[in-house]
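For reference, the structure discussed in these notes is given below.
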Amino acid sequence: MNALRALIAQDLRAMSERETLTPPRILLRMAVHARWRAVPMWRLAQASMRRGWTKPVGLWLTDRILDTSGAELQPTSQIGPGVVLKHTAGLVVGGGVTAGTGLTLHQNVTLGDRHPYGGQPKIGDDVTVGAGACVLGPITVGDRAVIAANAVVLDDVPADSVVAGAPAKVVRRLNQAPSKEVRNA
């Protein structure tokens, strides 16, 4: 239980985005904002799925998250600490998705498989996925990657890169100047 409490605390610190919040202010945010409630409920649902007799609780919590926030966050996904949900509307995280620490998701993001039972993405640490982006299939997204808004990612994404487009292509390596095509676009 202490590990779950520590995980939720890390998530709430990340959700505050460097703003110092006291416990009463965190509780106030959770009372007012659905995205602040979705993260702890998701973590509780994930913990519930680890024991056979509490699985119905995990499924019920998943349904409550969808009902109250518009996010379909599967409890069988494996997401590291420090997740930030910028907006929950239309957010979908599939059951087999794995992600490292510091994942940031904007609204209308889909992380899932391309075909039924076609495999789920594996996402590294400190990855940001922009609004409307789809990351589909058994692919790997490297650490510190940025997926642009409305990108459709169907292939592996290297670490420290920005991908955009449909289908998504690398448009920039982080810590490097943009390519000529991007500057002239």
The chain, Gaussian network, Cα under 10 Å: of P138, P23, P40, the residue fluctuating most is P23
Listed with the fewest Cβ neighbours within 10 Å leading, D143, D63, D11 appear as D63, D143, D11
Taking every other residue with Cβ under 14 Å from the Cβ of V127 and scoring Lys and Arg +1, Asp and Glu -1, one gets -2
The helix 55-69 Cα axis meets the longest alpha-carbon principal axis of the chain at an angle in degrees, between 0 and 90 and rounded to 10, of 60
extent check for the chain: Cα max minus min per principal axis, descending, whole Å, gives 53, 41, 26
Longest principal axis of the chain (C-alpha) makes with the long axis of helix 23-32 (C-alpha) an angle, in degrees to the nearest 10, of 80
Taking every other residue with Cβ under 13 Å from the Cβ of K86 and scoring Lys and Arg +1, Asp and Glu -1, one gets 0
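At 222 nm, what value in deg cm²/dmol follows for the chain if DSSP H runs of at least 4 each add -39500 (n - 2.57) and the sum is divided by all its residues, to the nearest 500?
Details: 5 runs with 59 residues, N = 185.
Calculated from helices alone, the mean residue ellipticity at 222 nm is -10000 deg cm²/dmol.
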Using eta = 1.306 mPa s and T = 10 °C, Stokes-Einstein with Kirkwood Rh from Cα pairs puts D for the range 19-96, in µm² s⁻¹, at 124
In nm, the gap between the two label points placed 7 Å beyond Cα toward Cβ at A89 and H115 is 3.5
The simple spin-label model distance between L154 and T101, using points 7 Å out along Cα→Cβ, in nm, is 3.5
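Work the Kirkwood hydrodynamic radius out for the range 80-185: mean of 1/r over every pair of different alpha-carbon atoms, inverted, in Å.
After inverting the mean inverse Cα-Cα distance, the result is 13.5 Å.
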Simple spin-label estimate for K55/L174, 7 Å along Cα→Cβ, in nm, reads 3.7
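Here, each number is a calculation from the coordinates, and none is a lab measurement. Because the structure is predicted, anything quoted here is derived from the model rather than measured. When we count neighbours, we look across all protein chains shown, and the Cβ atoms used for this are built from the backbone with ideal geometry, even at glycine.
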